[in-house]
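The values are calculated or read from the model by the stated rules, or taken from the named source; none is laboratory data. For clarity, every value in this text was computed on a predicted model and none was experimentally measured. Glycine also receives a Cβ, built like all others from the backbone with ideal geometry; neighbour counts cover every protein chain displayed. What goes into the accessible areas is simple: the full protein's heavy atoms, side chains included, and nothing from ligands, DNA or RNA. Shrake-Rupley method; radii C 1.70, N 1.55, O 1.52, S 1.80 Å.
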Amino acid sequence: MNYMKPVLALTIGTIVFTGALPKVGAEAIVNDTIVTLGESLSSEQEKWVLERMEAPEGIEPIIATAADEEKYLGDSVPQAQRGGGMYSSARIKLTDGTGLDIQTENVTWVTKDMYANALVTAGVTDADIYITSPINVTGTSALTGIMKAYDQTAAETGIKLSDERKELAQEELAVTSEIGKTVGQEDVAGLMNEIKAEIANQMPETNVEIRDIVIQVLNQNNVQLSEGQLDQLTTLFENMQQANLDWSSISNGLKDAGQDVQAFLEQEEVKGFFARLFEAISNFFKSLTN
């Protein structure tokens, strides 16, 4: 199971959110929680998934179907990654101002950063999302279910995913899939994250400036792309710019997306802190024996 945020950030996030969202009577939302299930799950598998999610009692799961996958993902995801049934499912806990916290289990293709990038582009910036499946799957069914869940509960949650932003999320998945062939699926979403953060920081006004930012981030990561792939990336972010997205909101929504617990512990400043802490403890016990 992967965790998207450092332990400290998770703790703070838990303290900050105190149920500010209004409670609704709809069975699809119980205790600020929404559950999605893939339509291919057997009864036994559904039971396993619901128990694994610790789904609230009385909740009515939203079912993600193959037709939904075509609607929400379209041609953005290769057919090879969408075949084999709809199994991956999600538990969405609605939060307020905490960013995205995504955990995955038995998902082999859609990385947690890919989920985060696509969802933030679509308009989801605050939620704790747990994605699981009883068998190893690519994870596209859960992404479909999450998009459908937000659409079906928009009246209750007040979170409306516009068609334009959902189309941008589809385009981003398509580009991410293509670039991932070169840089690797584990690294491509982080690259997209960096470009978004840099756009939020520099606020480019022209297409040339957007292309320069893309090239800048690629060079910083020693990534070599073909001219066609560079054009794809540039066009994607040009389309995002034309959609007048709130880049600061996107950047804030993704600020913890590329940092799991292990990465957090491997940061130089964190390693230095624990080294100093260990030294202090060691010196303390030495003083007791002197």
From the Cα gyration tensor of segment 188-258, with a ≥ b ≥ c the square roots of its eigenvalues, which class applies: rounded if a/c is under 1.5, or else prolate if a/b is larger than b/c, or else oblate?
oblate
HN-Hα couplings for segment 64-73 via Karplus (6.51, -1.76, 1.60; θ = phi - 60°), in whole Hz with x for Gly/Pro, come out as 8, 10, 4, 5, 5, 4, 5, 5, 8, 10
If the label point sits 7 Å along Cα→Cβ of Asn221, residues of segment 90-116 with amide N under 13 Å come out as 113-114
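How would you classify segment 26-167 from its alpha-carbon gyration tensor, with a ≥ b ≥ c the square roots of the eigenvalues: rounded for a/c under 1.5, else prolate if a/b is greater than b/c, otherwise oblate?
It comes out rounded by the Cα gyration axes.
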Check Thr95: other-chain or 5+ apart residues with amide H under 5 Å from its amide H, H built from backbone geometry?
Ala127, Asp128
Report in % the part of the accessible area of segment 188-256 that belongs to carbon and sulfur, leaving out ligands and nucleic acids; probe 1.4 Å.
40
Compare the peptides 179-191, 198-210 by average per-residue count of other Cβ atoms within 10 angstrom and give them in order, highest first.
179-191, 198-210
Which cross-chain or sequence-distant (5 or more) residues have an amide H under 5 Å from the amide H of Ala55, H modelled 1.01 Å from N in plane?
none
Computed ³J(HN,Hα) along segment 33-40: with the Karplus parameters 6.51/-1.76/1.60, θ = phi - 60°, integer Hz and x for glycine or proline, the list is 10, 10, 10, 10, 10, x, 5, 7
Assuming 0.36 nm per residue, please report the length gained on full extension of the stretch Asp151 to Glu205 beyond their Cα-Cα distance.
16.3 nm
3J(HN,Hα) from dihedral phi, segment 140-157, Karplus parametrisation 6.51/-1.76/1.60, rounded to Hz, x for glycine, proline
6, 5, 5, 4, 4, x, 5, 4, 5, 4, 5, 5, 6, 10, 4, 5, 7, 8
